[in-house]
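The values are calculated or read from the model by the stated rules, or taken from the named source; none is laboratory data. The structure presented is a predicted model; accordingly, all values stated were derived computationally and were not measured. Counting neighbours? That spans all protein chains shown, and the Cβs are built from the backbone with ideal geometry, glycine included. To get the accessible areas, we keep the full protein, side chains included, count just its heavy atoms, and leave off ligands, DNA and RNA. Shrake-Rupley method; radii C 1.70, N 1.55, O 1.52, S 1.80 Å.
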Amino acid sequence: MFDPKIGMVPPMGWNSWNTFSWNINEELIRTTADTMVESGLLEAGYEYLVIDDCWSLRKRGEHGELVPDPEKFPNGMKAVADYVHSKGLKFGMYSCCGTHTCAGYPGSFEHEFEDAEQFASWGVDFLKYDNCFKPGHIDDPTLYRRMSTALRNCGRDILFSACNWGTEDVWNWIRSSGAQMFRSTGDIQDSWKSMSDIALSQMDKQPFSGTYCHNDMDMLIVGMHGKSDNDFIAVGGCTDVEYKTHFSLWALMNSPLMIGCDIRSMTEETKQILTNRDVIAINQDVECRSPYKVQCFGWSEKLFVLAKPLANGDYAIGMFNFGDKRAEAAFGFWDIGIPAASGRGLEFYDCWEHQSLGVETERHAVEIDPHDCKIYRCKVVKVR
Ligand code: GAL
């Protein structure tokens, strides 16, 4: 059954929570599926369409089964899954390891195996699994292993997206639970502060992420611009420059890329950010090597450089200005393994300008606007 492509590199898709939360229904899912195809998002790699919390009735049915809310999903979930599949997309759903989901709907605690089979019968390809309302005596490793085992034996390939918000030192045990991705932080909000705090909090966790088990820094806020039905998330929004930096960080830090805005009304700028193939290629690099902080003249939380080795020998380099003033960032090539004595330099390709900047030796310095960044793909070349 197992398809080795599933979960190998960071999953990409769309999730309903950031913008719609409880306001979900079949029409939203169908029109979003249409847009994922028509806008080129599917072609750019976004293949999973995921319905988050609030899709079921408040109580299980008489045989203990989960029941889709007939007002939101009048044709049931199989019909939704069939439609999503007919567009060439994959279909994701949501449950929780406790007795209830975070919004108070039935969770899968002690229903793991039957729920996994029910999801499989609907044609589900992805399950996000939350962390609310757990019985106090059971730890997360036990609960996530259970659902993982249920999914691995339900008769269908279902990607397991664990969401315990980084608690119980999740990075230490999640890979061996069988999950393909794991949320590592609390919920993101649509603000620069929330986004940048999450990124900084995960800098030292990068080595725990890799092929088949990716550090999920939460759904993207790119393009939300303060629009959400959920007041916790709608806290003002960001500028397009900040969304570009957010996307760059998630890509370089190997997070799954799950879109959270209403793509049916996204602006051209949002689309340009989300479909930047050069940046996506860095995220989807087959080796999934973690980036490291380049120790260039100190590393500060305001101005920093990340480097990620890519499978073909190139480097992905990100230079970030989290400060409030335009500032110069620089790094020496010796700090990423290229001493001047090697006779090698770097040929820079700017992944946001989509142009080559030529070859440089020894060091690269550039001025960066506040909250902006540079993302380069660099080729190691002989200079003498
Ligand atoms: C949170 C989770 C969010 C969303 C929400 C649904 O725990 O982190 O991403 O799924 O629950 O209630």
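Taking each pair of different alpha-carbon atoms in segment 170-221 once, compute 1/r for the pair, average those values, and report the inverse of that mean as the Kirkwood hydrodynamic radius in Å to one decimal.
One over the average 1/r among Cα pairs gives 11.5 Å for segment 170-221.
Over the Cα atoms of segment 197-257, what radius of gyration and what Dmax do you get, in Å?
So, for segment 197-257, Rg and Dmax equal 12.6, 35 Å respectively.
When the convex hull of the C-alpha atoms of segment 113-169 is computed, what volume per residue in Å³ does it have?
It comes to 83 Å³ per residue, whole-number rounded.
Expressed as a whole percentage, what fraction of the accessible surface of the chain belongs to carbon and sulfur atoms when a 1.4 Å probe is rolled over the protein heavy atoms?
Accessible surface attributable to carbon and sulfur in the chain totals 50 percent.
Of all DSSP beta bridges in the chain, what percent run antiparallel (nearest 5)?
So the antiparallel bridges amount to about 60 percent of the total.
How do the peptides 196-204, 157-165 rank, highest first, by the average count of neighbouring beta carbon atoms within 10 Å per residue?
Descending packing order for the listed peptides: 157-165, 196-204.
Grab the DSSP H runs of the chain that are 4 residues or longer, score each as -39,500 (n - 2.57), total them, divide by all residues and round the 222 nm result to the nearest 500 deg cm²/dmol.
Helix-only estimate at 222 nm: -7500 deg cm²/dmol.
For the pairs K227/K374; K271/K374; K193/K227, note any where the Cα-Cα span goes beyond 25 Å.
K227/K374
At what distance in angstrom do the alpha carbon centres of segment 350-384 and segment 123-142 lie from each other?
Segment 350-384 and segment 123-142 have Cα centres separated by 43 Å.
Can you list residues from other chains, or at least 5 along the same chain, whose modelled amide H is less than 5 Å from the amide H of C96?
Those lying under 5 Å, H to H, from C96 are S108, D130.
Among the listed pairs K90/K134; K244/K382; K244/K293; K72/K128, which are separated by more than 23 Å between their Cα atoms?
K90/K134; K244/K382
Segment 292-384: Rg/Rh from Cα coordinates, Kirkwood Rh?
0.95
Apply the a/c threshold of 1.5 to the C-alpha gyration tensor of segment 82-212 and tell me whether it is rounded, prolate or oblate.
Verdict is prolate for segment 82-212.
Given the C-alpha centroids of segment 1-63 and segment 231-307, what is the distance between them in whole angstrom?
20
What residues have an amide H closer than 5 Å to that of R183, excluding those fewer than 5 places away on the same chain, when H is modeled at 1.01 Å from N in the peptide plane?
The list, which skips near neighbours in sequence, is A162, C163, N164, W165, D216.
Let me check the size of the chain from its C-alpha atoms; what are the radius of gyration and Dmax in Å?
When restricted to the Cα atoms of the chain, Rg and Dmax are 21.2, 76 Å.
Report, to the nearest 10°, how far helix 26-38 tilts away from the longest principal axis of the Cα atoms in the chain, using its own Cα long axis and a range of 0 to 90°.
It is inclined by approximately 30 degrees.
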